[in-house]
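Input: a single structure, listed below in structure tokens.
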Amino acid sequence: MKRPWKLVTVSHSYVVTLNRRLANEMTRVGAGRWDVTAVAPRAFHGDLGPLVLQRDATESVNLEAVRVFFSRSLHGFVYGPELRARLSDGVDLVHAWEEPYVFSGLEVALLTPRHVPLVFCTFQNLAKRYPPPFAQAERFVVRRAAGWIAWGQTVHDTLLARPGYALRPSRFIPVGVDVEHFQPAPEAGRAFREGLGWKHEGPPVVGCLGRFVPEKGLRLLMGALDALRTPWRALFVGGGPMEGELRAWAERHGDSVRIVTGVKHAEVPRALNAMDVLCAPSQTTPAWKEQFGRMLAEAFACGVPVFASDSGEIPHTVGDAGRILPEADGNAWTAALAELLESPALRQELAARGRERATSRFAWPVVARAHLDFFEQVLQRGT
């Protein structure tokens, strides 16, 4: 009997248990064909403070911890020397969930034995010119790689035009969502609203989830709501530098607006279920455009209708399951919201379409299977 292929997947994100879902699902769906090991940092300096690797007894993946250094910098951190052994012990394929232009991505490429195929994945959907030494790192990793995965259609399209990328096998695979944790839960949504001091009966709730920053389109959404004649309530969940401006605007609308900060990811499904529509009016800037929109897939999974702008990857994430609106046209947002708020039937239709898209396209087992199919293609190409 042929032994399973040994896959090692490396990512600084694996320091967080939730982020190891891809590795765990690849272990489950690949049982018998793949032996999967996830390499994670023992500790990492996250955006909100230090993170320490926590092991979960229910996980199916083999989990190996290594040191990391200089983790305050996502571009400049590196793994400890013990990574070399993790990448060379009978390994058939290495998967690097690190960008090809950062030092850790370069390190994985350098330490992977030359006879072992390397596949990296990337979120980069802008045609950037990197300064030295990051430009040189990207070129080396692309040359070394046996294939690459784009976490978005716009990522794939953008990178195919960069030197070397088109010469390697590639695949667009969307980010996954836990469709069991994120699912329709009307009672949980009702409880969340009541916890905010809102009665269940009342105008529909327009929701926004994510960072409170200009590029997320908060000013456009505030203006669209100001122009609405249809009764509404608004729920903003997240945090960021625009919180003060958002609260000043909210004061003008009294009981119609709630702003909730500090919500942990485990509580996000309750917040989403308290919404009648999720709005993502992301705004493209010279340095940024939406890369995927995780909140869109999570809203779909919760059966929440989605209105989103045409920035970056959003149209590919939403497909025909939600409404795509011009990112700079406040009048279009006002009109679309009025139509949705006045039509329970339309909200129900969009909710059903979103849930179906989440389960068929973004569910983690589907995403994991797509990864393993691509890895097999890479291995077969090398034989």
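If you look at the Cα atoms of segment 97-155, you get an Rg and a Dmax of 11.1, 32 Å.
Set against the 2.2 N^0.38 Å expectation for a compact globular protein, the chain has a Cα radius of gyration ratio of 1.04.
Reported to the nearest whole Å, the Cα centre-to-centre distance from segment 182-243 to segment 299-350 is 14. Taking amide hydrogens as placed 1.01 Å from N in the peptide plane, the amide H of A43 sits under 5 Å from those of L53, V68, each at least 5 positions away in sequence or on another chain.
Loop-resident trypsin sites (Lys or Arg not before Pro) (DSSP state other than H, G, I, E or B) in segment 173-255 with no more than 16 further Cβ atoms inside 10 Å of their Cβ: K199, R229, R252.
To the nearest 10 degrees, how steeply does helix 186-195 sit against the main Cα axis of the chain, on a 0 to 90 scale? Between helix and principal axis, roughly 70 degrees.
At q = 0.08, 0.11, 0.12, 0.19 Å⁻¹, what is the log10 ratio I(q)/I(0) for segment 186-362, with the Debye formula run over Cα points and no solvent? Each listed q maps to, in turn, -0.21, -0.40, -0.48, -1.39.
Neighbours of L337 by Cβ distance under 13 Å: Lys/Arg scored +1, Asp/Glu scored -1, total -1. In the chain, the longest principal axis of the Cα atoms and the axis of helix 344-357 are about 0 degrees apart. Return the calculated 222 nm mean residue ellipticity for the chain, to the nearest 500 deg cm²/dmol, obtained by summing -39500 (n - 2.57) across DSSP H runs with n ≥ 4 and dividing by the residue count. Only helices count here, giving -10000 deg cm²/dmol. The angle separating the long axis of helix 218-227 from the principal Cα axis of greatest extent in the chain is about 20 degrees.
Every number here is computed from the coordinates shown, using simple stated rules; none is lab data. Here the structure is a predicted model, which is why all the values come from computation and not from measurement. Reconstructed Cβ throughout: ideal geometry from the backbone, glycine too, with neighbour counts over all protein chains shown.
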